[in-house]
Every structure is written in structure tokens, then in C-alpha cells.
1. What pairs come up if the first residue lies in region 12-38 and is over 19 Å from H106 (Cβ atoms) and open to solvent by 30 Å² or more (accessible area, probe 1.4 Å), the second is among the hydrophobic types (A, V, I, L, M, F, W, C) and in a helix (DSSP H, G or I), and their beta carbons are under 6 Å apart, counting only those six or more places apart or on different chains?
2. One residue is enough: does region 150-168 have a residue meeting the conditions open to solvent by 40 Å² or more (accessible area, probe 1.4 Å), outside any loop (DSSP other than H, G, I, E, B), under 16 Å from V33 (Cα atoms) and in contact with a strand residue (DSSP E or B) (Cβ under 6 Å, 6 or more places away or on another chain)?
3. Check region 104-113 and report whether any residue there is among the aromatic types (F, W, Y), surrounded by fewer than 20 Cβ atoms within 10 Å (Cβ to Cβ), in contact with a helix residue (DSSP H, G or I) (Cβ under 8 Å, 6 or more places away or on another chain) and closer than 19 Å to L23 by Cα.
4. Just the residues that are of a type in the set (V, I, T), in a helix (DSSP H, G or I) and either more than 16 Å from C99 (Cα to Cα) or touching a strand residue (DSSP E or B) at 6+ places or on another chain (Cβ under 8 Å) (or both), please, taken from region 21-41.
5. Take the residues in region 114-139 that are assigned to a helix (DSSP H, G or I) and in contact with a helix residue (DSSP H, G or I) (Cβ under 7 Å, 6 or more places away or on another chain), then tell me which one is least open to solvent (accessible area, probe 1.4 Å).
6. Any residue in region 43-54 that is surrounded by fewer than 19 Cβ atoms within 10 Å (Cβ to Cβ), in contact (Cβ under 8 Å) with a residue 12 or more places away in the chain and part of a helix (DSSP H, G or I)?
Amino acid sequence: MIRAIAEIRRKYGADAVMMEGTLLSHSIQAGSVLETAVTIADVQRRDARTYLVFAVETGLVYNDRELSADERLRRTWTRIVERSLRTFRALDLPADGLCLAITYSHKPYADEPDLRSHLSEGHGERESVVLYLLTSDVSELLGNRIGGQQLADRSVVLVNDRPQRIRVEPTEAPASADTAPTP
């Protein structure tokens, strides 16, 4: 394990190692019930830019009785993606951006004990979300010059290989010079 971390650090930098751990931690905190894993899949080219790809198996099984497809996407963004990004002051990666290839499942169930008791019968339908975020846009978020919705709007979002728009859960808007309180 230590050798693998050292190799990731050597190849992609310390922030890549931190991002792996942060994505894993936030997936677990979001309520994973299945195996959770985060790996770096390498650098990928898209639209003349390079992206460091993080494959995130969240271990989540969203409840279809409580969350629509849009709400699953929103919750994944808010509880895993944005929280993970906001743990950084700056993000230094050997690419123009990062690609988060996130998977989770969904199915109807009464409550968590019901879900756990029926996991052997299946985990539900798998859903794949792929996000392409430019490091420059992430820096704007980390500097509080844009909010989560603006970052989502600037990103490429694919759900099961189809373009999608994310409606981010509202958070406090970043302060700007013209809206900052006067002393």
C-alpha cells in the first residue's frame, strides 16, 4: 500500500494522492453500503486538453423511492465532488483538469436495514457519472470567485454517456467585492 501511494505521488503529485483519499472519505461519509474504491486511471485527452482521471466506485445505493435521477446527480455532486474539492486551498495536478468517473447504484427500498437484508439479491441499477473539470475553474471555486453551480455549469457532465446539466444544492454564495459587507 505504501509503495502504491509513493508511486502515485511520484507520477501524479501529492494532490493526486490527497484527492484519492478525499474522494474515498466523502463517498463513505455519503452513506456507502457496498465496496468503495478510488483509483487513478491515468491522463486522458478530451477536446485538446488533458485530464487526470479518478475512477470512483462510491458504494452508494440510492433509494428510488426518495431520489429522482436529477436528485441522485445533485447529491453526488454536493456530498462527494464539491466537498472533496473544497478540502483543497489550491489543486496542483499534472494535467489541465481532472475527470471524475463516478459510479453508484439505485433501486427502491424501504430503509437501510431493508436494503442491507436484500443486497444478496442485487444492488440495483448502476449509474455512471463522468465529470470533466478544468483546474482553472476549480481554482475559481477554491478562491470563492465562483460557486458550485458555476463550476458545474463550466464542466462537462455525462450521465450514462449522455450530456446532463446539474442543478447544485444551494450553498452560501461566494462573497465578491461589490457584495461584501462594509465595516
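1. V17/I5; V17/I8
2. no
3. no
4. I28
5. The selected residue is V138.
6. Scanning region 43-54, I find no residue that is surrounded by fewer than 19 Cβ atoms within 10 Å (Cβ to Cβ), in contact (Cβ under 8 Å) with a residue 12 or more places away in the chain and part of a helix (DSSP H, G or I), so the answer is no.
The values are calculated or read from the model by the stated rules, or taken from the named source; none is laboratory data. From a predicted model like this one, the values you see are computed outputs, not experimental measurements. Ideal geometry is used to build each Cβ from the backbone, glycine not excepted, and the neighbour counts take in all protein chains shown. Please note that ligands, DNA and RNA were not included when accessible areas were found on the heavy atoms of the full protein model with its side chains. Shrake-Rupley method; radii C 1.70, N 1.55, O 1.52, S 1.80 Å.
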